[in-house]
Amino acid sequence: MRLLITSPSPDRGGVEEYALTIAIAAIQIGWTVHVAFPKTLETASLVEDFRQQGVRYHPLQHYSPQAERIERISNVVRRLFQSVALWVEVRPNVAMLNLASPVQGLDQLLVCGILRSPTVVVFHSIPFRFNFSALKLKLYAWVRAINQQWVTVSQNNRKLLCQSFQIPEDQMRCIYNGVKPAPPLRENLTTLRDRVRQEFGLPPNSRLVITVGRLDLKKGYGDLIPAIPAIVQAYPEVRFLWVGDGDRRDALMAQVRDYGVENKVLFVGYRRDVSRLLRSADLFVFPTHFEGMPLALLEAMAHSVPVVASDIESIAEVVEHQKQGLLFEMGDRNDLHQTLAWALQHPQQMHQMAQNAKRRVQGFSEDKMVKETLQLLQELS
């Protein structure tokens, strides 16, 4: 069984971690797995992770939507020919195309259709209903009819995607993202918390508010920064730990400096010890503007970290306000500030919500996600 996983993304985020999880699971049951995505500074660590698992990596042409029109067209044509050559070389029994957005990957979809390749297309995120042209809708309908199964990761995403592509909801499958249970602690929790604070040069009594995700506009960091001065004035022991990297890093660091809280916010970049950092945190904040089903949030819940998150519909599918965590109105900076302040003022209530969240997230397991996805791939091959 040969599986080819492709993605047009030049970044490393939840979509790419999902692909790595599926690839590892496929390798473990004896499949041969190939992956193809752009090779950039941000995906360099991902390439190495795939290779360490015995997955063969193929570089894929990357093009920027900000490039000149002629350059974009030229790059698309090159990637089309590159993709055809890749399919001919790998000869996959089934392919998986991972798309962070429904406006990505049309060229890859066309290649799958032209080559009549059995393909599972996973749409990970959609912010709103798109209005595609009549021509694009016809192209999407044509490729979907040729041995393809389209999948998404939340019910809200399925609704918006089906409205965008003008198809019935029963023609798009929902397989929720899932995460592993938190691993057993290898050391005393108090010792771990002290050690992490020492590593970052923080006072032992620091209260860590952690967030995990790419540093880009959709994650809502720009909403969080204005709330930080008032929070740290009321709670001087609070420090914000931002795990992840992205093209907004420099701009966000400048904004943090403008607000005079650069000594309260730690930008720690991509980390391989996220589980360890989550265990050492007092609160997880997630001000995102839109998501599919965020792995970072599910991981925080699995690690019993109290959650404060925006009230977007996909998050509301897993977190009920005041039961598994606190939800604030997306984009409302004042509501974010008030909700975060309440959470810091009421640690016992937040602890109880975190325990509820840990039980709730058991229904969003990595085992279930992998089993349903591999079964679908095998059925389609």
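Please treat every number below as a calculation from the coordinates, not as lab data. Computed from a predicted structure; not experimentally measured. Reconstructed Cβ throughout: ideal geometry from the backbone, glycine too, with neighbour counts over all protein chains shown.
When +1 charges are put on Lys and Arg Cβ atoms and -1 charges on Asp and Glu Cβ atoms, the dipole computed for the chain relative to its Cα centre reaches about 680 debye. For the chain, what is the calculated [θ] at 222 nm in deg cm²/dmol (nearest 500), taking -39500 (n - 2.57) for each run of four or more DSSP H residues and dividing by its residue count? Helices in the chain give a 222 nm mean residue ellipticity of -13500 deg cm²/dmol. Listed peptides 34-40, 302-308 appear in the order 302-308, 34-40 once ranked by packing, highest mean of other Cβ atoms within 10 Å at the front.
For region 189-363, the gyration tensor built on C-alpha atoms gives a rounded shape. Its axis ratio a/c (a ≥ b ≥ c) stays under 1.5. Taking the DSSP bridge list for region 189-363 and keeping only pairs wholly inside it, about 5 percent are antiparallel. Our summary gives region 189-363 a relative contact order of 22 percent, counting only alpha carbon pairs under 8 angstrom and 6 or more residues apart. Average 1/r across all pairs of distinct alpha carbons in the chain, invert it, and you get the Kirkwood radius: 21.8 Å. Ordering of 164-174, 144-154 by packing is 144-154, 164-174, highest average first (other Cβ atoms within 10 Å, averaged per residue).
For region 127-154, the residues whose backbone nitrogen is under 17 Å from a point 7 Å from the Cα of Q171, taken along Cα to Cβ, are 130-152. The HN-Hα couplings worked out from phi for region 156-171 by the Karplus form 6.51 cos²θ - 1.76 cosθ + 1.60 (θ = phi - 60°) are 5, 4, 4, 4, 5, 5, 5, 5, 5, 8, 6, 10, x, 5, 6, 9 Hz, whole numbers, x standing for Gly and Pro.
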